[in-house]
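Single-structure report; data block below.
The values are calculated or read from the model by the stated rules, or taken from the named source; none is laboratory data. None of these values were measured; they are calculated from a predicted model. Positions of Cβ are generated from backbone atoms using ideal geometry, with glycine treated the same way; all protein chains shown enter the neighbour counts. Ligands, DNA and RNA are excluded from the accessible area calculation, which covers all protein heavy atoms including side chains. Shrake-Rupley method; radii C 1.70, N 1.55, O 1.52, S 1.80 Å.
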Amino acid sequence: MIHEIAPHKLHNEFRVQSPKPSDFLVVFFGDKSLLKKNGVSFEIPKIEDFNQGNIPCHYLFSIDDAAYFLADLSISKELVESASDDYVLCPARTYRYMGDPLLRMGGATAAHIAHWESLNRFCGRCGSEMTRSEKERAVVCPKCRNTVYPRISPVVIVAVRNGDKLLMAHNIDNPNPRLFLISGFVEVGESLEQAVHREVLEEAGLRVKNIRYFGSQPWPFSDSLIAGFTAELDGDDTIHMQKEELSEAMWVKREDIPEYETDVSISCCLIENFRRGFTLE
Ligand SMILES: [Zn+2]
């Protein structure tokens, strides 16, 4: 999964520090990042790539000794407009496909923070311009002291098993045509387990039992933290698919499931875990 970078380490504790020329500079404009072309791939630019004096930017985090900075919104338009043809604005999902696992993790995490900052320039309570806190990762209203932390919305995803079959589905919004699993945002007032019950019932019309925690994954592309579960069908196996959410939902036999790469998402890890023969107790 993207966040599994051991033995390398993400240092995400809040710090205030100045950039070095070799540090990464994430330039976020609209909902896209400015990336440097490298053949058919992309790189995250560094401070030294820009012919500017002191670029207004702030420290985000480090991976090992490599620090990531985010260009202030006040300068990002100028940086984008003055960039050479070697640079291109890319959606945050581009980070997902970067070959270097450290750049993939660093870029995606930086884009998550940048997206949150871009949505919180003004106070939602009184409309004043927000300022960055000097003691924690938050923005603060100087007038009414409203404090806003990065948005991390919980999501559940579940591998529902029916004997040697797995419940697989395709979400209508997913450009990837492959089948994945039932998932959804946790609603107000419910636990993770209750969200699993509700999502499976809503999207596939099925009941589940024996819900077991599998693992979790930060998913910056939807400002989420995904909690993965396994579960077992409880009762009738007739699928009633929610057509507003899914284009397909079906039981797939273990031997008919193709191999899924496990280096990016917890969804693929759950599918592979079933395909390779996990059993519920
Ligand atoms: Zn305010």
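In summary, Y95 fulfils each of the numbered conditions (1) at pLDDT 95 or above; (2) within 19 Å of the chain's Cα centre (by Cα); (3) outside any loop (DSSP other than H, G, I, E, B) with the single exception of condition (1). Checking each residue of the range 179-193 against the condition of being aromatic (F, W, Y), in the same structural domain as E245 (by TED's automatic domain parsing) and without any contact (Cβ under 8 Å) to a residue 60 or more places away in the chain gives at least one match. State whether the residues of the range 238-260 include one that is assigned to a strand (DSSP E or B) and closer than 30 Å to F28 by Cβ. No, there is no match, as no residue in the range 238-260 is assigned to a strand (DSSP E or B) and closer than 30 Å to F28 by Cβ. A single member of S118, S84 is over 24 Å from the mean Cα position of the chain (by Cα) and either in a strand (DSSP E or B) or modelled with pLDDT under 95 (or both), and it is S84. Quick one: which of L167, L206 is open to solvent by less than 40 Å² (accessible area, probe 1.4 Å), over 30 Å from A110 (Cβ atoms) and assigned to a loop (DSSP other than H, G, I, E, B)? Result: L206 is the single residue among L167, L206 that is open to solvent by less than 40 Å² (accessible area, probe 1.4 Å), over 30 Å from A110 (Cβ atoms) and assigned to a loop (DSSP other than H, G, I, E, B). Each residue in the range 112-151 was checked for being touching a Phe, Trp or Tyr at 6+ places or on another chain (Cβ under 6 Å) and more than 16 Å from the ligand (Cβ to nearest atom), and 5 of them qualify.
The set of residues from the range 1-50 being of a type in the set (S, T, Y) and under 26 Å from V264 (Cα atoms) comprises S33, S41. Can you pull out the residues in the range 217-234 that are assigned to a strand (DSSP E or B) and open to solvent by less than 50 Å² (accessible area, probe 1.4 Å)? Listed by number, the residues that qualify are Q217, W219, S224, I226, A227, G228, F229, T230, A231, L233. Filtered by the rule that a residue be open to solvent by 30 Å² or more (accessible area, probe 1.4 Å) and out of contact with any Lys or Arg (no Cβ under 6 Å at 6 or more places or on another chain), the range 134-149 gives E134, K135, E136, R137, P142, K143, R145, T147, V148, Y149. For the range 23-41, filtering for residues that are open to solvent by 60 Å² or more (accessible area, probe 1.4 Å) and more than 17 Å from I75 (Cα to Cα) leaves 4. E187 - would you say it is surrounded by fewer than 16 Cβ atoms within 10 Å (Cβ to Cβ) and modelled with pLDDT of 95 or more? When the stated conditions are applied, E187 passes them. Taking the stated definitions as given, is D263 closer than 30 Å to F28 by Cα and loosely packed, with under 14 Cβ neighbours inside 10 Å? Judged against the criteria, D263 is a match.
Results for (1) over 20 Å from S224 (Cβ atoms); (2) of a type in the set (A, V, I, L, M), shown as yes or no for each residue.
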position: H3; (1), (2): no, no
position: N12; (1), (2): no, no
position: K32; (1), (2): no, no
position: K36; (1), (2): yes, no
position: L60; (1), (2): no, yes
position: D65; (1), (2): yes, no
position: D100; (1), (2): yes, no
position: R104; (1), (2): no, no
position: G107; (1), (2): no, no
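Screening I152 with (1) in contact with a His (Cβ under 9 Å, 6 or more places away or on another chain); (2) closer than 30 Å to I257 by Cβ gives one miss only, at (2).
Of all the listed residues (I75, I47, I5), the sole one being over 30 Å from F122 (Cα atoms) and open to solvent by less than 50 Å² (accessible area, probe 1.4 Å) is I5. The condition (being in contact with a Pro (Cβ under 6 Å, 6 or more places away or on another chain) and either within 20 Å of E261 (Cα to Cα) or free of Cβ contacts under 8 Å to residues at least 60 places away in the same chain (or both)) is satisfied by just one residue among T94, T147, T131: T131.
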